[in-house]
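One structure is given here, and the rest of the page talks about it.
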Amino acid sequence: MKDSYKISDEELIRRFQAGDEAAFEEIVHRYSNRLMNFAYRFVFDMEEAEDIVQDTFLKVYQNRFAYKEIAKFSTWIYTITANLSKTILRKRRNRKMFSFSRLGPNDKDMDFPSKERAALSHIEENFNERTIQKAMLKLPEHFRTTIILRDIQELSYEEISNIINAPLGTVKSRINRARLRLQKELQELRGE
Amino acid sequence: MISCYQFKNFMSGYIDKDLSFQKRKYFEEHLNVCPQCQKLYHSIITTKTNMANFPEVSVSENFLSNLQNKILAERNARIQVGMSRGFALRRIPSFAYGFAAALLAVIIGFYLLEFQPNTRTPQAPPKLVQERIRPNPSIPNYEQSNPAMMTPGQLANSESARDSLADIPEPSSNIDPDFQNKIKTVKETY
């Protein structure tokens, strides 16, 4: 997640605050896929994830002057996405309705359609991904957020600490507990 | 040797290279002898690797245009809300009206009091008051004795009279003759 851009994110948002709309487009270009990955792993639904990312940018656009350069821009934008993702999950929980596109623990979409080796390998990967994703969905929100930020987004402890607004020690212990809990959930899913 | 519980507590620190040398040593010692913890450690490493290699998901092709539409729609909605609120007077907070009314009342009151024609005529006080304020004969007349009430001429006369030689009493006979002579000398001199 290292940035190799000539213009820093902070400079871009400064330009956008000064009225440069092109700077906003550049921000969208830089962050749309990163945030999409984060949101998707959080809610495990492409449409909802894209809505979350769009709403994130909409909030950035509307509240551009709320950003002060005391924190990294990436921290700020991830915080917005994390909060929106949590809101979506809360709404989903309240609705208690599940679409077919989302996986439940008893879903039967893991059948292997082909026995060819290459296809099998791909399916195995897919199986792993889905199983882990299902196990992640079982984690409490605060564990899920930290494990996505650390193991998928590969952010540093400090960045995670800023995003979730928790002390560094809390972040470290939370990541450890989240990893252990994920293993427990995976074992249950695999029937071990 | 650390326990399995301590081993689990050290797990992420070890994986993320955030453990001290001593703790790493303890961790590795336990890892080499405990098959259960070994299994747990390897499964965490595998899951972590799998998660890091999750296929990247991307936004749809029309993401940017959708976003632009969303921003425009939001802006238009705000403008419409502003328009539906009507003339700017409606947006003035209610306390401003109260303040303006109070200010107006103060101004009107001030002008009414300031430019009111003086209809009052000097009247004699009521009889009861007149009786109460009858001059008191016991009050001494300070006009003659009080220097503050004197005219400049009166003041000068009184001063000169007070300073005249006649006002200085003659020395009594029981005073020392030398002192009497000194007083005489002073009298003659001045």
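Here B:Glu143 clears all of (1) at pLDDT below 70; (2) in the same structural domain as B:Met11 (by TED's automatic domain parsing) except the condition numbered (2). Taken over segment B:57-75, residues that are of a type in the set (Ser, Thr, Tyr) and outside any loop (DSSP other than H, G, I, E, B) amount to 1. Within this structure, A:Glu192 passes the test of being within 14 Å of chain B (Cβ to nearest Cβ), over 18 Å from the mean Cα position of the chain (by Cα), at pLDDT below 95 and in a loop (DSSP other than H, G, I, E, B).
If you go through segment A:47-70 and keep only what is small (Gly, Ala, Ser) and over 21 Å from the mean Cα position of the chain (by Cα), you end up with just A:Ala66.
Filtering B:Met83, B:Met51 for residues that are assigned to a helix (DSSP H, G or I) and open to solvent by 90 Å² or more (accessible area, probe 1.4 Å) leaves a single hit, B:Met83. Inside segment B:8-44, can you point out the residues that are within 11 Å of chain A (Cβ to nearest Cβ), closer than 25 Å to A:Ala135 by Cα and not hydroxyl-bearing (Ser, Thr, Tyr)? Correct list: B:Lys8, B:Asn9, B:Phe10, B:Met11, B:Gly13, B:Ile15, B:Asp16, B:Lys39, B:Leu40, B:His42, B:Ile44.
For residues in segment B:1-44 being among the small types (Gly, Ala, Ser) and open to solvent by less than 30 Å² (accessible area, probe 1.4 Å), which is nearest to A:Gln187 (Cα to Cα)? Taking the candidates together, the pick is B:Ser12. Only one of the numbered conditions (1) acidic (Asp, Glu); (2) under 16 Å from B:Ser65 (Cα atoms); (3) touching a helix residue (DSSP H, G or I) at 6+ places or on another chain (Cβ under 8 Å) is violated by A:Glu21, and that is (3). Taking segment A:1-69 as the region of interest, the helices (runs of 4 or more DSSP H) fully inside it that hold 1 or more residues being without any contact (Cβ under 8 Å) to a residue 40 or more places away in the chain and of a type in the set (Gly, Ala, Ser) are A:21-43, A:46-62. Just wondering, is there one or more residues in segment A:128-142 that are within 11 Å of another protein chain (Cβ to nearest Cβ), modelled with pLDDT under 85 and open to solvent by 20 Å² or more (accessible area, probe 1.4 Å)? Looking through segment A:128-142, at least one residue is within 11 Å of another protein chain (Cβ to nearest Cβ), modelled with pLDDT under 85 and open to solvent by 20 Å² or more (accessible area, probe 1.4 Å).
Each residue in segment A:28-46 was checked for being within 10 Å of the chain's Cα centre (by Cα) and more than 8 Å from every other protein chain (Cβ to nearest Cβ), and 7 pass. Working only within segment A:143-168, note down all residues that are open to solvent by less than 60 Å² (accessible area, probe 1.4 Å), assigned to a loop (DSSP other than H, G, I, E, B) and of a type outside the set (A, V, I, L, M, F, W, C). Within segment A:143-168, A:Gln153, A:Ser156 meet the criteria. Scanning segment A:128-150 for any residue that is of a type in the set (D, E, K, R), on the phi > 0 side of the Ramachandran plot and within 15 Å of the chain's Cα centre (by Cα) turns up nothing. Answer yes or no: is there a residue in segment A:75-82 that is touching a residue at least 24 places away in the same chain (Cβ under 8 Å), of a type in the set (A, V, I, L, M) and assigned to a loop (DSSP other than H, G, I, E, B). No, segment A:75-82 contains no residue that is touching a residue at least 24 places away in the same chain (Cβ under 8 Å), of a type in the set (A, V, I, L, M) and assigned to a loop (DSSP other than H, G, I, E, B).
The values are calculated or read from the model by the stated rules, or taken from the named source; none is laboratory data. Quantities reported herein were computed from a predicted structural model and do not represent experimental measurements. Don't worry about glycine lacking a Cβ; one is built from the backbone with ideal geometry, like all the others, and counts go over all protein chains shown. When the accessible area is computed, the model is the full protein with side chains, heavy atoms only, and any ligands, DNA or RNA have been set aside. Shrake-Rupley method; radii C 1.70, N 1.55, O 1.52, S 1.80 Å.
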